[in-house]
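Shown next, in structure tokens, is the structure this report addresses.
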Amino acid sequence: MRFVVHEHHATRLHYDFRMEIAGVLKSWAIPKGPSMNPADKRLAVMVDDHPLEYGEFEGVIPQGQYGAGPVLIWDEGEFQPEGDPESALKKGRLSFTLKGKKLKGGFALILMKGRGSGKDWLLIKAQDASAKKDWEIEEELTPAKKKKLAEKIPPCQTS
């Protein structure tokens, strides 16, 4: 099954983590982005499901629409759930292995109890061979990525 992480420059920069489950992309907005450090417990707010085709999307969501701003694919690859993912989500704990370009190894999404809406989860990296204690999501922008961002982010309008 496929996963994708979108870097989303909306009102605030965040990362949208999406996994192909039951014919849709189950999606979580992660304000600080995913981490390869098992000590980091990242808030992951469950959002609406997206169609599978959205996993390929890169571009600009127009102003006036929900989530307006540039969207880039930050990582993508395959994921392998432990057991039935639909049942695991209903129980509030989904463990899985990622095989992406940046994200690798074991992870878990765990529902935070007592937070009202039932949409607040934690994304936690497993302590395994791919874990990195000093990992930071901010990577050096390569010239190619700078160009890609410049093409996607519209210039400021002055009056």
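The values are calculated or read from the model by the stated rules, or taken from the named source; none is laboratory data. All values derive from a computational prediction rather than experimental measurement. Cβ coordinates were reconstructed from backbone atoms using ideal geometry, including for glycine residues, and neighbour counts include every protein chain displayed.
Worth pointing out:
- Identification of strands (runs of 3 or more DSSP E) wholly contained in segment 30-112 with 1 or more residues that are within 28 Å of Asp128 (Cα to Cα) and in contact with a strand residue (DSSP E or B) (Cβ under 9 Å, 6 or more places away or on another chain) yields 41-50, 69-81, 93-100, 104-111.
- Positions within segment 122-138 being within 14 Å of Asp40 (Cβ to Cβ), touching a residue at least 24 places away in the same chain (Cβ under 8 Å) and not polar (S, T, N, Q), in sequence order: Leu122, Leu123, Ile124, Lys125, Ala126, Ala131, Lys132, Lys133, Asp134, Trp135, Ile137
Rundown of residues vs (1) surrounded by 15 or more Cβ atoms within 10 Å (Cβ to Cβ); (2) on the phi < 0 side of the Ramachandran plot, yes/no style:
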position: Met19; (1), (2): yes, yes
position: Ala44; (1), (2): yes, yes
position: Gly64; (1), (2): no, no
position: Gly69; (1), (2): yes, no
position: Asp75; (1), (2): yes, yes
position: Glu86; (1), (2): no, yes
position: Thr97; (1), (2): yes, yes
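- Here segment 134-148 is the region considered, the condition is being surrounded by 10 or more Cβ atoms within 10 Å (Cβ to Cβ) and more than 16 Å from Asp75 (Cβ to Cβ), and the residue that is modelled with the highest pLDDT is Lys147.
- Verdict on Gln80 being touching a residue at least 40 places away in the same chain (Cβ under 8 Å) and surrounded by fewer than 14 Cβ atoms within 10 Å (Cβ to Cβ): yes
- Selection from segment 99-130 of residues that are of a type in the set (Gly, Ala, Ser), at negative phi and exposed (fewer than 13 other Cβ atoms within 10 Å of the Cβ): Ser117, Ala129
- The set of residues from segment 46-61 being surrounded by fewer than 10 Cβ atoms within 10 Å (Cβ to Cβ) and under 20 Å from Phe107 (Cβ atoms) is empty.
- Flag for Asp49 being more than 25 Å from Asn37 (Cα to Cα) and either hydroxyl-bearing (Ser, Thr, Tyr) or at pLDDT 95 or above (or both): yes
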